[in-house]
Amino acid sequence: MEIRTRFAPSPTGYMHIGNLRTALYEYLIAKSKGGKFILRIEDTDQGRMVLGSVDVIYKTLKTTGLKHDEGPDIGGDYGPYVQSQRMGIYMEYALKLVESGKAYYCFCTKERLESLKEKNDEGLEFSRYDRHCLSLSKDEIEENLKAGLPFVIRQKMPTEGKTTFNDMVYGDITVENSELDDQILIKSDGFPTYNFANVVDDHLMNITHVVRGSEYLSSTPKYNLLYDAFGWTAPEYVHLPPVMRDAQHKLSKRHGDKSFEDLIEDGYIPEAIINYIALLGWSPEDNQEIFTLDELTKSFKLSGLSKSPSIFDIKKLAWMNSEYFKNMDEEKFFTIAKDKLAASINNPLIDLKKVSELLKTRLETLNQIPELVDLFDELPEYENELYEHKKMKTNLENSLDSLVSCLPVLESLKSWDIASIHDAIMALIEEKGIKNGQMLWPIRTALSGKPSSPGGAFELAEILGKEETIKLIKKGIKKLN
RNA sequence: GGCCUGUUGGUCAAGCGGUUAAGACACGGCCCUUUCACGGCUGUAACGGGGGUUCGAUUCCCCCACAGGUCACCA
């Protein structure tokens with residue numbers, strides 16, 4: 001049987017990292033077995049709708065490569081793929097349940113429901129519906145309906161026995177039916193609840209594997225009872241542990257945690273983000289860490305999914321991001337770094353391509369570019385102490401000597417490329433009988449004005465150009481005098 | 001509070017009765033080296049606690065502790 005999974009986000013306006021990981025696993029579960037990955041928009045909570053947020057979802061799936069096979073934008077055989085466009089369906093199915101006695105009308109007011117609530121020791125409220133409306137006669141219901149009283153439809157839960165379901169990551173889970181509340185299927189605004197819409201849609205769309213966060217674990221028995229009530233076969237369940245900010249808190253946008261868009265904004269690349277979150281809760285059979293989406297698809301196995309929550313570690317993402325930069329070819333890296341580079345360097349004489357090559361192995365995020373390349377625009381202010389380097393065996397005196405003696409060599413150079421500069425300076429070093437560092441550290445310092453720079457003396461000199469290099473060496477000499 | 005679930009180094013994690021308890025990130029050291037970075041080598045660091053079962057438990061069972069989830073006309 002063909003595997004069909006669905007990503008069913010609510011349009012909230014941004015892509016939560018946890019949701020993205022869920023989408024990724026849904027994609028992988030389907031694609032690793034040649035199945036279909038479906039997008040369904042769950043907008044049954046009208047109060048939470050955010051305009052334009054569906055576009056965020058499309059855009060994210062596109063940039064991450066999680067290509068869906070069916071969805072609102074591309075259609076499919078099981079549409080419509082937006083819940084608000086499926087309204088008639090839910091009521092129709094709810095009524096079927098009412099007819100068969102598996103569900104019932106409830107006219108209870110908010111106030112009455114409120115009075116049913118109990119408080120625990122910490123003052124937290126919880127309640128259980130007392131089935132007040134279950135005993136309503138046909139006539140009473142008819143009368144209420146005719147009078148236009150607002151109503152909901154509730155599922156009638158069994159009061160005895162147990163329900164067991166199997167989860168592919170958590171195994172068998174059993175609960176007492178008496179724990180289950182008569183949950184609402186249709187709300188008084190006529191919209192279905194998430195729980196109900198899900199079951200109906202998943203069945204109608206032939207979803208074989210329901211993948212979602214572990215917070216749904218405890219309501220899954222209700223789902224299964226619903227499938228039973230309809231006489232449908234329940235899907236396979238794959239519940240996922242949460243992605244955490246720290247040991248006790250889930251990642252949350254509200255508490256300042258980054259969404260996918262935020263991470264992109266911060267200079268992380270989609271491939272690295274996907275790769276990183278794939279490994280947050282899943283591990284391959286070997287020790288591979290760097291994966292393309294295709295490679296993930298090939299390696300993915302449900303058995304590699306973890307049961308326990310994992311903390312999102314931005315440091316490891318940063319490392320992974322840098323791995324992607326290092327493994328990229330020069331051209332590709334340049335295309336993604338170009339804009340930031342151009343925005344950071346105003347000097348038109350600087351060859352951005354060459355700078356980009358230097359940066360490739362020294363970068364964790366794109367946003368580090370400005371601070372790394374500022375020296376190409378203008379020499380930062382620096383103290384003379386910078387010339388003193390123990391390991392290079394340099395001090396103020398020999399630094400000055402090195403700068404003075406390299407000046408004529410550089411000035412007389414005819415071709416200004418890294419090889420020529422290298423050969424000329426190395427010849428000078430040999431002639432003077434000094435250590436490489438004694439010459440190169442002062443030059444690098446004079447050219448960069450910083451304790452570290454993207455590239456050494458030769459690279460900097462080449463990129464800065466002959467004129468600027470000589471100017472900066474002279475400036476260094478002046479400072480040291 | 002009831003119910004459900006989880007607990008291997010600081011973090012991600014492998015492990016599925018017998019291992020010197022992998023690997024990666026981070027951190028420290030060394031090497032390479034014209035700085036930084038890259039690369040290479042290397043070090044510190046873990047099975048929540050208590051009972052069982054067993055010749056033998058990180059692995060199986062029970063209890064406890066801690067953490068999370070859930071108990072909505074939110075998803």
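Each value in this text was obtained by applying a stated rule to the coordinates, not by laboratory testing. Keep in mind it's a predicted model, so treat the numbers as computed, not measured. Quick reminder, even Gly has a Cβ in these numbers, built from the backbone with ideal geometry, and neighbours come from all protein chains shown.
Considering only region A:267-288, how many residues are closer than 13 Å to A:N321 by Cβ and either near RNA strand B (Cβ under 9 Å from one of its atoms) or within 12 Å of the chain's Cα centre (by Cα) (or both)?
10
Kindly provide the set of residues from region A:241-253 that are near RNA strand B (Cβ under 10 Å from one of its atoms) and closer than 23 Å to A:Y170 by Cα, ordered by number.
Within region A:241-253, the first condition is being near RNA strand B (Cβ under 10 Å from one of its atoms), and the residues that meet it are A:241-244, A:246-250, A:252.
Those that are near RNA strand B (Cβ under 10 Å from one of its atoms) and closer than 23 Å to A:Y170 by Cα: A:P241, A:P242, A:V243, A:M244, A:D246, A:A247, A:Q248, A:H249, A:K250.
How many residues does region A:254-266 hold that are in a helix (DSSP H, G or I) and more than 14 Å from RNA strand B (Cβ to nearest atom)?
Of the residues in region A:254-266, 6 are in a helix (DSSP H, G or I) and more than 14 Å from RNA strand B (Cβ to nearest atom).
For A:Y324, work out the one condition from (1) out of contact with any Leu (no Cβ under 8 Å at 6 or more places or on another chain); (2) in a loop (DSSP other than H, G, I, E, B); (3) within 15 Å of RNA strand B (Cβ to nearest atom) it doesn't fulfil.
Going through (1) out of contact with any Leu (no Cβ under 8 Å at 6 or more places or on another chain); (2) in a loop (DSSP other than H, G, I, E, B); (3) within 15 Å of RNA strand B (Cβ to nearest atom) one by one, A:Y324 breaks only (2).
Any chance region A:108-130 includes a residue that's within 13 Å of RNA strand B (Cβ to nearest atom), part of a loop (DSSP other than H, G, I, E, B), basic (K, R) and farther than 30 Å from A:I274 by Cα?
Yes, there is a match, as at least one residue in region A:108-130 is within 13 Å of RNA strand B (Cβ to nearest atom), part of a loop (DSSP other than H, G, I, E, B), basic (K, R) and farther than 30 Å from A:I274 by Cα.
Is it fair to say A:Y58 is assigned to a strand (DSSP E or B) and more than 12 Å from RNA strand B (Cβ to nearest atom)?
Details: assigned to a strand (DSSP E or B): no; more than 12 Å from RNA strand B (Cβ to nearest atom): yes.
No, not satisfied.
How many of the residues making up region A:289-314 are within 6 Å of RNA strand B (Cβ to nearest atom) and among the charged types (D, E, K, R)?
Final tally of qualifying residues: 3.
Could you tell me whether A:L341 is farther than 17 Å from A:G476 by Cα and under 47 Å from the mean Cα position of the chain (by Cα)? If you could, list the steps in order and put the result at the bottom.
Values: farther than 17 Å from A:G476 by Cα: yes; under 47 Å from the mean Cα position of the chain (by Cα): yes.
Judged against the criteria, A:L341 is a match.
Of all residues in region A:215-235, which are under 13 Å from A:Y93 (Cα atoms), in a helix (DSSP H, G or I) and away from RNA strand B (no atom under 16 Å from the Cβ)?
Correct list: A:Y227, A:A229, A:F230.
Among what's in region A:143-166 and is in contact with a strand residue (DSSP E or B) (Cβ under 9 Å, 6 or more places away or on another chain) and of a type in the set (A, V, I, L, M, F, W, C), pick the residue that is nearest to RNA strand B (Cβ to nearest atom). So that I can check it myself, show each step before the final result.
Step one: of region A:143-166, the residues in contact with a strand residue (DSSP E or B) (Cβ under 9 Å, 6 or more places away or on another chain) are A:144-145, A:151-156, A:160-166.
If we keep only those that are of a type in the set (A, V, I, L, M, F, W, C) too, we end up with A:145, A:151-153, A:165.
Numbers: A:L145: 14, A:F151: 8, A:V152: 5, A:I153: 10, A:F165: 10 Å.
So the residue we want is A:V152.
Output the number of the condition that A:G161 fails; it satisfies all remaining conditions of (1) under 29 Å from A:I3 (Cβ atoms); (2) out of contact with any Lys or Arg (no Cβ under 7 Å at 6 or more places or on another chain); (3) among the small types (G, A, S).
Only one criterion is unmet by A:G161, namely (1).
Just to be sure I understand, how many residues within region A:167-214 are more than 11 Å from RNA strand B (Cβ to nearest atom) and either buried (at least 17 other Cβ atoms within 10 Å of the Cβ) or in a strand (DSSP E or B) (or both)?
Matching residues across region A:167-214 total 10.
Just wondering, is there one or more residues in region A:406-420 that are touching a Pro at 6+ places or on another chain (Cβ under 8 Å), hydroxyl-bearing (S, T, Y) and more than 20 Å from A:L372 (Cα to Cα)?
As a first pass, look at region A:406-420 and keep what is touching a Pro at 6+ places or on another chain (Cβ under 8 Å): none.
Within region A:406-420, none of the residues are touching a Pro at 6+ places or on another chain (Cβ under 8 Å), hydroxyl-bearing (S, T, Y) and more than 20 Å from A:L372 (Cα to Cα).
Working only within region A:362-376, note down all residues that are aliphatic (A, V, I, L, M) and within 13 Å of RNA strand B (Cβ to nearest atom).
Scanning region A:362-376 gives A:L363, A:L372, A:V373, A:L375.
Residues of region A:190-212 being within 27 Å of the chain's Cα centre (by Cα) and farther than 13 Å from A:R6 by Cα, which ones?
A:Y194, A:N195, A:A197
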